[in-house]
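Read through the structure below, which is laid out as structure tokens, and then see the notes.
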């Protein structure tokens, strides 16, 4: 029985995809996420007055570290030689949102979407962790792939 899922063998068991026949290409992925804060927490974040210290710098480093450790956390993910990983933030104070964008790049046989996804999510979780002392109902939302390029499937750009 042949199946359509690359992560399952013919008996339906999970397996790592064989990418040995693929060609290397420059792979880029960008993921966005949002952290929703109330006005008081947002003011403390902007003023760098939260009890646990400077939030966004810590979240940036956590996100980059997550991108680098992706294959240790996602069981069937290929370990990739990352050539670039970064996390940036935009503060929407009026909307009570921290907008996160994570980007990962490599020249490899498989994509870096998972690295960007983990970078954004761990950055968001770090913001949560550093703000939870002053707000309990923080929400992490709208995490999604917004761009990918490279490989056989080409370029994807979200609406």
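Quick notes
- The set of residues from region 11-47 being under 19 Å from residue 127 (Cα atoms) and modelled with pLDDT under 95 is empty.
- Scanning region 147-159 for residues that are surrounded by fewer than 16 Cβ atoms within 10 Å (Cβ to Cβ) and outside any loop (DSSP other than H, G, I, E, B) turns up 156, 157.
- All positions within region 47-64 that are surrounded by 15 or more Cβ atoms within 10 Å (Cβ to Cβ) and outside any loop (DSSP other than H, G, I, E, B): 55, 56, 58, 59, 60, 62, 63, 64
- Candidates 102, 133, 66 - the one that is farther than 22 Å from residue 158 by Cβ and modelled with pLDDT of 95 or more: 133
- Considering residues of region 65-104 that are in a helix (DSSP H, G or I) and either touching a residue at least 12 places away in the same chain (Cβ under 8 Å) or under 26 Å from residue 133 (Cβ atoms) (or both) only, the residue farthest from the chain's Cα centre (by Cα): 73
- For region 110-125, the count of residues that are surrounded by 14 or more Cβ atoms within 10 Å (Cβ to Cβ), at pLDDT below 95, more than 12 Å from the chain's Cα centre (by Cα) and under 21 Å from residue 157 (Cβ atoms) is at least one.
- First in region 1-28 and within 24 Å of residue 146 (Cα to Cα), second anywhere and assigned to a loop (DSSP other than H, G, I, E, B) and modelled with pLDDT under 70, Cβ under 9 Å, 6 or more apart: 17/6; 17/7
The values are calculated or read from the model by the stated rules, or taken from the named source; none is laboratory data. Bear in mind that the values here come from a model prediction, so they are computed numbers and not experimental data. Counting neighbours? That spans all protein chains shown, and the Cβs are built from the backbone with ideal geometry, glycine included.
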